[in-house]
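Every read-out reported here was derived from the displayed coordinates using simple, explicitly stated rules and does not represent laboratory data. This one's a predicted model, so the numbers in the text were calculated from it and none came from an experiment. Quick reminder, even Gly has a Cβ in these numbers, built from the backbone with ideal geometry, and neighbours come from all protein chains shown.
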Amino acid sequence: MSIDLKYGVPTVCLHTSMFVTVTRSVVRMNGAPRMRQVYLPHPVMGKSPEQIGGYVFGVSPISKKPVMQEVVEGLTQPLNDEDRKGLTFSRATPRLCEPASEAELNQLFLDNNWTDKLPIVLPTVERVAEMMKHTSRKADEVVGHHTATHFREVWECTVEQVAVNAVMAGARPEYFPVILAIAATGASARGSSTSSMASMVVVNGPIRREIEMNAGTGAMGPYNQANATIGRAFGLLSQNLQGGSVPGDTYMGSMGNALAYASPTFAENEERSPFEPLHVQRGYRADQSVVSAFIGMRHMAFTLGLRHAHWASHVRNMMRGMDPNESPVFLLDPIAARLFQDVGGLKTKKELIAWICENARMPAGEYWDYQLVQNYLYPRATFGEEPLAGKLRAAADEMIPLWTPEQVNVVVVGGETNGYWRIAGARSAGSACVDDWR
Amino acid sequence: MSAQMVVHNPMGYPPEVAGKALAPRLDTLNGRTVYIVDCRFDDSDILLKSVQAWFAEHMPAVKTVYKPINSVYTRDDPATWQEIKEKGDAAIIGVGH
């Protein structure tokens, strides 16, 4: 859009037909609903050059006109008044809904896609006021800004609006500073990637004990009110404070992701961990309370323990099972963390992360042929960004590293019922201090 | 009649939307330079080279320049947009998927 609207060069955008709704929505929200867009058959990815050529030389499945006729007309047909004016509008967000019965309001929230399709706690004035008592911040203070994805509009949210979503999730008022801190990271638990992302939050510091979060047995499961409702609040506030998460429009995740119901939220088991806590690694004091958000979570690998003979090979196999465009978060039960020390000889998180970066490798030819590496890393490498450019210079059979230390995280969680551990593919979306929101 | 409840609206504040004019169109593409801009996502290179091939076959009087963006589609690329403004007359931008 920038080329046409900002730089004044007549432009036509080519998309596949699956993206009609979302692309028309995006140009409308950018004030240019008549931006020239032409649609080809879907999908392009994985098709042969001959098949894709057939798309270009063929007919649009949306307009039923020849694709290239539409392209040429889009660049040459004169503009009308609507093209020259664009679309100006504003939308208000009323503070309150119209009074109605409980059943009617629950239906309203469902119909407006304001829920995760599970029952909610209706955010009455009284409940929201109770939530507000647990922060010193003013109701109309801006907490942050959220968007579903690149190119979509950015929405703004206030402390009170975060409180509304916290109530809906069933959160107790004393959890509110944690939820505000999560909102302040700007991370979205309802990202609109076609890859169907979920999110995750790690909580560190004294707040974990103050609100009785679970860091032990079942910490990542549905067994603790704080863990469960703070995670759910992250999801609800994301979708409502970014302007929606509706399939085909503001959500394009092809398969969806069940982890997005929970946005797994848990405390790090600092007391049983042999390692430095995550927030201390990130420069906070141990006595500060901190949330760390992770986005882009799509899968987890797991295994049990570390065996003396082949532990290193086993870990390498797990890492090779991940898409190399992902960043790994090692989620270690305290037993597993100690095994990395005792069996692996890796005494600190820093040593473990260094070992991961040294051992997570694959042949350069395979690496660069991954679709997501092609989409997100290859373009950066070709324009000289290191260390990607160095990987691009490698011979096809050279074993190149997948990750840098900055991309790797290690969190200790679990109740030591056994030494299971996991690798989640998820990248850091920043940390925020809970104490700032008390 | 059921009891009436008053509840908060859970949505945030959307930005104001300001109308934007499209760039003036050309009277013809013949003799003009059309940049074919590759967003470098999901085989978009194959797609856009097919577009270039269509011009070569059907409108050879149009000069086309195949131009991959400088990084990934999630990053703005003002250097490329400026080049197109200075050296081009029109643009076709495409994404794979």
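Report the full-extension gain for the segment A:ALA394 to A:GLU366: residue separation times 0.36 nm, less the Cα-Cα distance, to one decimal in nm. Walk me through the numbers before you get to the answer.
Values: separation 28, 0.36 × 28 = 10.08 nm, distance 1.16 nm.
Computed gain between A:ALA394 and A:GLU366 is 8.9 nm.
Ranking request for peptides A:110-117, A:34-41: highest mean number of other beta-carbon atoms within 10 Å first, then the rest in descending order.
Order by mean packing, descending: A:34-41, A:110-117.
Between A:GLY218 and residues 5 or more places away or on another chain, which pairs have amide H atoms under 5 Å apart, with H built 1.01 Å from N, and which residues are they?
Long-range HN contacts for A:GLY218: A:GLY415.
Can you list the aspartates and glutamates whose alpha carbon is less than 14 Å from that of A:LYS133, not counting same-chain residues fewer than 8 positions off?
Leaving aside aspartates and glutamates fewer than 8 places away in the same chain, those within reach of A:LYS133 are A:GLU160, A:GLU174.
Quick check for me: using +1 on Lys/Arg Cβ and -1 on Asp/Glu Cβ, what's the dipole size of the range A:128-189 about its Cα centre, in debye to the nearest 20?
Dipole of the range A:128-189, to the nearest 20 debye: 140 debye.
Using 1/(1 + (r/R0)^6) with R0 = 51 angstrom and r between the beta carbons of A:ARG91 and A:ARG320, what's the FRET efficiency to the nearest 0.05?
Plugging the Cβ-Cβ distance into 1/(1 + (r/R0)^6) gives 0.60.
Based only on other Cβ atoms within 10 Å, what is the fewest-to-most ordering of A:ASP249, A:ASP4, A:ASP287?
Ranked by crowding around the Cβ, least crowded first: A:ASP287, A:ASP249, A:ASP4.
For each of A:LEU346, A:LEU372, count neighbouring Cβ atoms within 10 Å of the residue's Cβ, then give the residues from fewest to most.
With the fewest neighbours first, A:LEU346, A:LEU372 line up as A:LEU372, A:LEU346.
Determine the percent antiparallel among the DSSP beta bridges restricted to the protein assembly as shown, to the nearest 5.
55 percent
Enter the Cα centre distance for the pair the range A:422-438 and the range A:130-165, rounded to the nearest angstrom.
17 Å
Given H placed 1.01 Å from N in the peptide plane, which residues other than close sequence neighbours of B:THR64 have an amide H under 5 Å from its amide H?
B:VAL34
Compute the helix-to-body angle for B:44-58: its Cα long axis versus the longest principal axis of chain B, expressed 0 to 90° and rounded to tens.
50 degrees
I'd like the FRET efficiency for A:VAL125 and A:HIS145, computed as 1/(1 + (r/R0)^6) with the beta carbon distance as r and R0 of 35 Å, rounded to 0.05.
0.85
In percent, how large is the relative contact order of chain A, given Cα pairs closer than 8 Å and 6 or more residues apart?
16 percent
Work from the charge dipole of the protein assembly as shown (Cβ charges, +1 for Lys and Arg, -1 for Asp and Glu, about the Cα centre) and give the residue of A:ILE400, A:VAL22, A:MET68 farthest towards its positive end.
Result: A:MET68, furthest along the dipole toward the positive end.
Could you tell me whether chain A comes out rounded, prolate or oblate from its Cα gyration tensor? Rule is a ≥ b ≥ c as square roots of the eigenvalues, rounded for a/c under 1.5, then prolate if a/b exceeds b/c, otherwise oblate. Can you show the working numbers first?
Working: a/c = 2.27, a/b = 1.17, b/c = 1.94.
Since a/c reaches 1.5 but b/c is at least a/b, the shape of chain A is classed as oblate.
May I have the count of lysine pairs in chain B with C-alpha atoms under 19 Å apart, counting pairs 8 or more residues apart or located on different chains?
Lysine pairs, 8 or more places apart or on different chains, close enough: 7.
If you average the alpha carbon positions of the range B:20-97 and of the range A:364-388, how far apart do those two centres end up, in angstrom?
First find each Cα centre; the distance between them is then 22 Å.
Helix B:78-87 versus the longest principal axis of chain B: what is the Cα-based angle in degrees, 0 to 90, to the nearest 10?
For B:78-87 against chain B, the angle is about 40 degrees.
Can you tell me how the range B:1-88 classifies by the Cα gyration tensor, rounded, prolate or oblate, using a/c under 1.5 as the rounded cut?
Prolate.
For A:ASP140, A:ASP81, which order do you get if you count the other beta carbons within 10 Å of each Cβ and list the fewest first?
A:ASP81, A:ASP140
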